[in-house]
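Worksheet for the structure shown next.
What follows is calculated from the coordinates using simple rules that are stated; it is not laboratory data. Quantities reported herein were computed from a predicted structural model and do not represent experimental measurements. Reconstructed Cβ throughout: ideal geometry from the backbone, glycine too, with neighbour counts over all protein chains shown.
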Amino acid sequence: MSLAVISLSALILALALSSISAINVGFLAIVLAWLVGVYAGGLTVDQVIAGFPASLFLTLVGLTLLFSMAQVNGTLDRITYKAVRRVAATPGAIPFVFFVLTSVLAAIGPGHIAACALMAPLAMAAAGRYGIPPFLMAIMIANGASSGSLSPIAPTGVVVEGITTKIGLGDVRWAIFLNNFVAHIAIAWTAYLALGGWRLFRKASASARGDVDELRRDFAPSHNAVATTDVGRPFTGRQDALDWKQWLTCAVIAALIGSVIVLKLNVGLAAFAGAVILTFLRAADETAAVKAMPWGVIMMVSGVTLLVTMVDKAGGMALFADFLSRLATPGTATAVAAFFSGVISLYSSTIGVVLPALLPTVPDLISKIGGGNPLALVSSMIVGGHLVDVSPLSTLGALCLAAAPPGTNERRLFTQLLIWGISMTVVAAVVCWLFFR
């Protein structure tokens, strides 16, 4: 058996085990890279370790540290509440407000998982109070989170930028972000119309005008990370104004975004600088922020990237591209790419598994099918992988299901989300075939 086959089999094994077991696929990927690289490929340990994405790791740690600080000192929570309370009397607008808020939160740095974890409890509580179907609200939240996930300063955007640069696409950050953003807006708007969201504008809103404080109380206790301030006092959320720590946090985040866009600073190192400033000025609890960081996701991305690098060196990625090329033509490649990305993402992490595994195959795939647009293929894989994340088997769908309001038929909601997620594999394939050429 050739090394290419062995290495590709190791990657497939990692993907399969990530779907049926609780093990972090990143840790498994590191072990498989070591075993296959050293004992089957004849590489040295140093050569295997050289494939670890140190730059990506530091970027993800820096970003998640800064935004964990914004979470534990109540900044993100307070801003979210101030935005939501302004539309509490208009039930029909509430799903779109949550879509926008979740999208913005995901885009400015925390990423789609953190944004969904922050917004889902508040959104689903609002759905229960104002008669909004939980299924509709879950779709709006999950798609909102995914729509902002490809921002150049969000974790997924950082991962994709590293891969696209490595495969020679150049600076396509904003094109990829826009393609993904438009796709999710289109799906969310379609879902809103198809599921009768427009009927919410006919609802009497008198009951909505007097219970904003109840909405707030539903939200704060569900977030243990932000339920107390960094000095241990109960965070009731009744004070509308931001305190000096939260204003400073907002200023640091704004400075980060500006420095990355205008000055072209390294986003990870700039985020570390922002985190140090907040710690030095005692605007956030560094220890609590470190504990709140998504270390599992960080190691998942890093470990799978290490394994993919080894598999690529062994020829396994070219072998996988050859498999895809037998199913696709230049005219159908975007549909095939979106469909496969969606199917794998139903059971695996999009940011941690699907994108690091599939995006590097784009150059070989184009070569084998005799042509194609690399940006279109990358966009198709991204859209296909993200549209299915409403599924309860994915993190975003699971977060929405867990936050379902009292009285919800959770079994029915699970089935609805699952069917929607599975259907998105086909929808993504059609959409990408029509619009990405």
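What the table below lists for this structure:
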| item | result |
| --- | --- |
| Residue-wise HN-Hα coupling along region 253-266, computed from phi with Karplus coefficients 6.51, -1.76, 1.60 (Hz; x: Gly, Pro) | 5, 4, 5, 4, 4, x, 5, 6, 6, 8, 8, 6, 6, 5 |
| Spacing of the two label points (7 Å from each Cα toward its C-beta) at residue 27 and residue 201, in nm | 5.2 |
| ³J(HN,Hα), Karplus 6.51/-1.76/1.60, whole Hz, each residue of region 148-159, x for Gly, Pro | x, 6, 9, 4, x, 10, 8, x, 5, x, 5, 4 |
| Among 365-371, 245-251, 140-146, the order from most to least packed when residues are scored by Cβ within 10 Å on average | 140-146, 245-251, 365-371 |
| Theoretical FRET efficiency, 1/(1+(r/R0)^6), r = Cβ-Cβ of residue 434 and residue 54, R0 45 Å, to 0.05 | 0.70 |
| Separation between Cα centres of region 371-424 and region 1-31, rounded to whole Å | 23 |
| Angle between the chain longest axis and helix 75-84 axis [Cα atoms, degrees, rounded to 10] | 60 |
| Within a Gaussian network of the chain (alpha carbon springs, distance under 10 Å), most fluctuating of 386, 112, 184 | 184 |
| Karplus-derived 3J(HN,Hα), 6.51/-1.76/1.60, for each residue of region 421-437, Hz, glycine and proline x | x, 5, 5, 5, 5, 6, 4, 4, 4, 5, 4, 5, 5, 6, 10, 10, 10 |
| Ordering of 376-384, 287-295, 163-171 by burial proxy (mean other Cβ atoms within 10 Å per residue, highest first) | 376-384, 287-295, 163-171 |
| For the chain, calculated [θ]222 nm from helices alone, where every DSSP H run of n ≥ 4 adds -39500 (n - 2.57) | -21500 deg cm²/dmol |
| Alpha-carbon centroids, region 163-203 and region 269-324: separation in whole Å | 24 |
| Relative contact order [Cα under 8 Å, 6+ residues apart], region 250-358, whole percent | 25 |
| Near-label residues of region 349-373 by backbone N, under 19 Å of a point 7 Å along Cα→Cβ of residue 40 | 357-358, 361 |
| Listed values (i) 69, 51, 41; (ii) 63, 49, 49; (iii) 94, 53, 37, entry calculated as Cα extents along the principal axes in Å | (i) |
| The chain: angle of helix 295-314 to the longest principal axis, Cα-based, in degrees nearest 10 | 20 |
| Value of relative contact order over region 349-426, rounded to a whole percent, pairs C-alpha under 8 Å and six or more apart | 30 |
| Shape of region 11-84, Cα gyration tensor, a/c cut at 1.5 | oblate |
| Extension gain, residue 279 back to residue 410 (0.36 nm per residue minus Cα-Cα distance, nm) | 43.0 nm |
| Residue-span extension gain [residue 186 to residue 5] - 0.36 nm each, minus C-alpha spacing | 61.2 nm |
